[in-house]
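Engineer: Got a structure for you, written out below as structure tokens; questions coming shortly.
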Amino acid sequence: MTPDTGTVFDVVVLGAGQAGLSAAFHLQRTGLKFTVLDAEIAPGGAWRHRWESLTMETVNGIFDLPGMAKPPLDPQEPSREAIPRYFAEYERQMQLPVQRPVRVTSVARVDEDAHGLLEVETDHGVFRTRAVVNSTGTWTNPVLPQFPGAEDFLGRQLHTRDYTGFEEFAGQRVAVVGGGISAVQHLEEISRVATTMWFTRRPPVFHTEGFRPEVEGRATIEKVTAAAEAGKPTASIVSYTGLGWTDYAKDAHRRGALERRPMFTRIEPHGVREADGSFSSADVILWATGFRPALGHLAPLELFNELGGIKVSGTEVVAEPRVHLVGFGPSQSTVGANRAGRDAVRRLQRLLTH
């Protein structure tokens, strides 16, 4: 597809993951002129890059996109195959105007008029629009801690983003760093074939009872929403909810892989210096340290505050009502992304038609 840069759009949606597709679905029902720009070469968003062993049985619940239920899925099928196939069929059936691959490099104001145009600069030219729905997710912005001695380590360092499977670590000593779901999943797999060590900054908290979305879920959304609306940087959902005793967590626990150690103090050429001063050798350090929202392209709009966050009201950026963030803060989950796409379109319809 040749990117359409000659049109002035009412809305440009950045990203065609769950949140972006939800926004596109609702935009299609408004009469507003819109397009969706996606950096991937094919449908599926970040799901296209998940590791092979992350099956549909293992991933957290994936909610249906609006207007089209998921087909029956094999629990053993890799998520990186099942979900992109669903997204591709959704785009086709809904006839959504997704342009790809188009990589966005910046979003800027054409002028300071609050009702003026925004320019979306891409590797395929400049798109002009009255508003932007940003749904770029987090996958392209991994958190890579700067740690003393990291540059001297003679082994291998990688992030969850680079993880492809546990088999390549057979017979090695692997330090897994991070207290989230991905860390537990990595530990369960890698501990089958290697010696693992688990390091976290804080002791991980596991639910002693099943997670109740109607209780804990609502409380979590309220906390994340409060942080986002106060302009504070929001953390991962699991930092609010804690970890669940899933089947893979139980397997890792039985294997002794969930014996957490305090964060090491330094990386040395052949391993790590632990908090108690002892040395533990390691061949690999796997940073399961999460991701931050990929929002660097919004820098020209100067939306970030002194706390490093962006203050929002719902999905709307308070400092720039023409920009909405979906799949951000309280809408990081798939059900949250669906709702955020709908809510952003409702607000933009009021803004652009009055």
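Each reported figure results from applying straightforward, stated rules to the coordinates on display, with no laboratory input. Since the structure is predicted, the reported quantities are computational estimates derived from the model, not experimental observations. In this analysis, Cβ positions are derived from the backbone assuming ideal geometry, glycine residues included, and neighbour counts consider all displayed protein chains.
Engineer: Return the long-range amide H neighbours of T122 (sequence gap of 5 or more, or a different chain), with a cut-off of under 5 Å between placed amide H atoms.
Structural biologist: Result for T122 returns T105, F127.
Engineer: Extending each Cα 7 Å along its Cβ direction at A69 and V110, get the distance between those two points in nm, one decimal.
Structural biologist: 4.5 nm
Engineer: Follow-up question, since we're still on this one. At 222 nm, what value in deg cm²/dmol follows for the chain if DSSP H runs of at least 4 each add -39500 (n - 2.57) and the sum is divided by all its residues, to the nearest 500?
Structural biologist: Rounded to the nearest 500, it is -7000 deg cm²/dmol.
Engineer: What are the ³J(HN,Hα) values, in whole Hz, obtained from phi via the Karplus relation 6.51 cos²θ - 1.76 cosθ + 1.60 with θ = phi - 60°, for each residue of segment 273-281 in sequence order, with x given for Gly and Pro?
Structural biologist: 8, 7, 4, 8, x, 6, 10, 10, 6
Engineer: What order do you get for 17-23, 301-307, 103-109 when each peptide is scored by the mean count of other beta carbon atoms within 10 Å, highest first?
Structural biologist: 17-23, 103-109, 301-307
Engineer: Continuing with this model, one more query. List the residues, sorted by chain then number, that are 5 or more residues from R260 or on another chain and whose placed amide H is less than 5 Å from its amide H.
Structural biologist: HN-HN under 5 Å from R260: empty list.
Engineer: For a quick check: with amide H placed at 1.01 Å from N, whose amide H comes under 5 Å from V132's, ignoring anything fewer than 5 positions away on the same chain?
Structural biologist: So V132 has HN proximity to V12, V323, H324.
Engineer: Quickly rank 262-272, 341-351 as a protection proxy: mean count of other C-beta atoms within 10 Å, highest first.
Structural biologist: Packing order, densest peptide first, comes out as 341-351, 262-272.
Engineer: What relative contact order, as a whole-number percentage, does the chain give when Cα pairs under 8 Å and 6 or more residues apart are counted?
Structural biologist: Working: 713 pairs, mean separation 80.3, N = 354.
Contact order relative to length: 23 percent.
Engineer: Taking only pairs that are 8 or more places apart or on different chains, how many Lys pairs in the chain have Cα atoms under 28 angstrom apart? Provide the component values of the computation, followed by the final result.
Structural biologist: On the way: K33/K70; K33/K311; K223/K232; K223/K311; K232/K311.
Lysine pairs, 8 or more places apart or on different chains, close enough: 5.
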